Amino acid sequence: MKKFGKKKTFVRLLVLFCMGLGLVFLFQKINLQGRDLLDAFQRFSLESLLLMLGVTLVQMAFQVTRLWVLCPRAAGVSWAQAANTYISGQFIGNFVLSQAGHAVKIALLRKEKDTKGRKIDAAEATAVILVDKVLDVGILVTLAVLSALQVSVGLPQVDWWEKGIILLIGVPFLGVALWALLQRLRQRFPKLRQWFRKFKAGLAVIRNPIQIRNAAVMDLGDWFTECLLLQMLCMAQGHVLSLPQLLICLFILNLGLTVPTTMANLGTYEAALAFSLNGMGVPLAPSVVIATMFHAYQLFGLPVWMLGQKLGPNVSPKLDSALPIPIPQERPKVTSK
């Protein structure tokens, strides 16, 4: 355990060191003036800022609904409870510690048997949160792979027969490579095998395929709304990106956040997104401003949502009957090994 802790600390220090060297090299090679950043910030109008806040809140509604539809129907979890669970966990995860955020979600999702439905214990709540996270990441990876293929096929300098080869070889190769990588990791790391067992337990809890389908639809709405927010920020700076480009930028952003180095990933978040935007042709100064504003909306949309919940507890939408999911019979609880 101590060895693992030392390795984790070493990786974080190494990442911070490399980021520091990269920033020094960047500011030495590129003439990024403070005036350029100020001019870029002044391009945002008050109306567009408020509209983008509304888009952020819609994105959060998709995220909350994704978690809600994954909850067992027999438990009678309300949309308001799912909203409190997800938003509180995200708030703690962003401003305190990511693992603490998951623990908060599990604690808030648990419930005793009442008039609304049956009990949800800690093991079942953990399984639901795990499936929610895996579904979210899995759909992003799938969208990013399809976007990368579309961008490569859409290049005008690529002949039609070369495009066919890219599709015929690229898609199966990526699928086989992903499967081989997962198998290799599963063999080498006992902790990952344990994680797979928990994920299977989570799928055992969510037996109804309609729940997975509805959650996938909500997750697509989440990612496309996030793309819309990023596009609006880019348009305010005079740049328009295609949907595949936006998805690739979000994928690179989430890839850069796999090693959390600071509270709320300050600095890492902006660097990863600015790097991807700059690679898509957006100049450096607007890229930094877009990344900063995008992160600000993702962070401060959470307290705005929480404040709205506190001030207007009766405005939560009643979605308990919106999704026609049949109520299953009482199932045996999932126990952790």
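Of all residues in the range 98-124, those satisfying the criterion of being in contact with a Ser or Thr (Cβ under 9 Å, 6 or more places away or on another chain) and not β-branched (Val, Ile, Thr) are Gly101, His102, Lys105, Ala107, Leu108, Leu109, Lys116, Asp121, Ala122, Ala123. Test Phe25 against the stated conditions and say whether it is under 26 Å from the mean Cα position of the chain (by Cα), surrounded by fewer than 18 Cβ atoms within 10 Å (Cβ to Cβ) and at pLDDT below 85. When the stated conditions are applied, Phe25 does not pass them. Residues in the range 90-121 that are without any contact (Cβ under 8 Å) to a residue 60 or more places away in the chain, surrounded by 14 or more Cβ atoms within 10 Å (Cβ to Cβ) and in a helix (DSSP H, G or I): Ile92, Gly93, Gly101, His102, Ala103, Val104, Lys105, Ile106, Leu108, Leu109. Against the test of being more than 30 Å from Ala296 (Cα to Cα), surrounded by fewer than 16 Cβ atoms within 10 Å (Cβ to Cβ) and modelled with pLDDT under 90, the options Gly175, Gly202 yield a single qualifying residue, Gly175.
The values are calculated or read from the model by the stated rules, or taken from the named source; none is laboratory data. Keep in mind that this is a model prediction, so the values were computed, not measured. Every residue, glycine among them, receives a Cβ derived from its backbone with ideal geometry; neighbour counts consider all protein chains shown.
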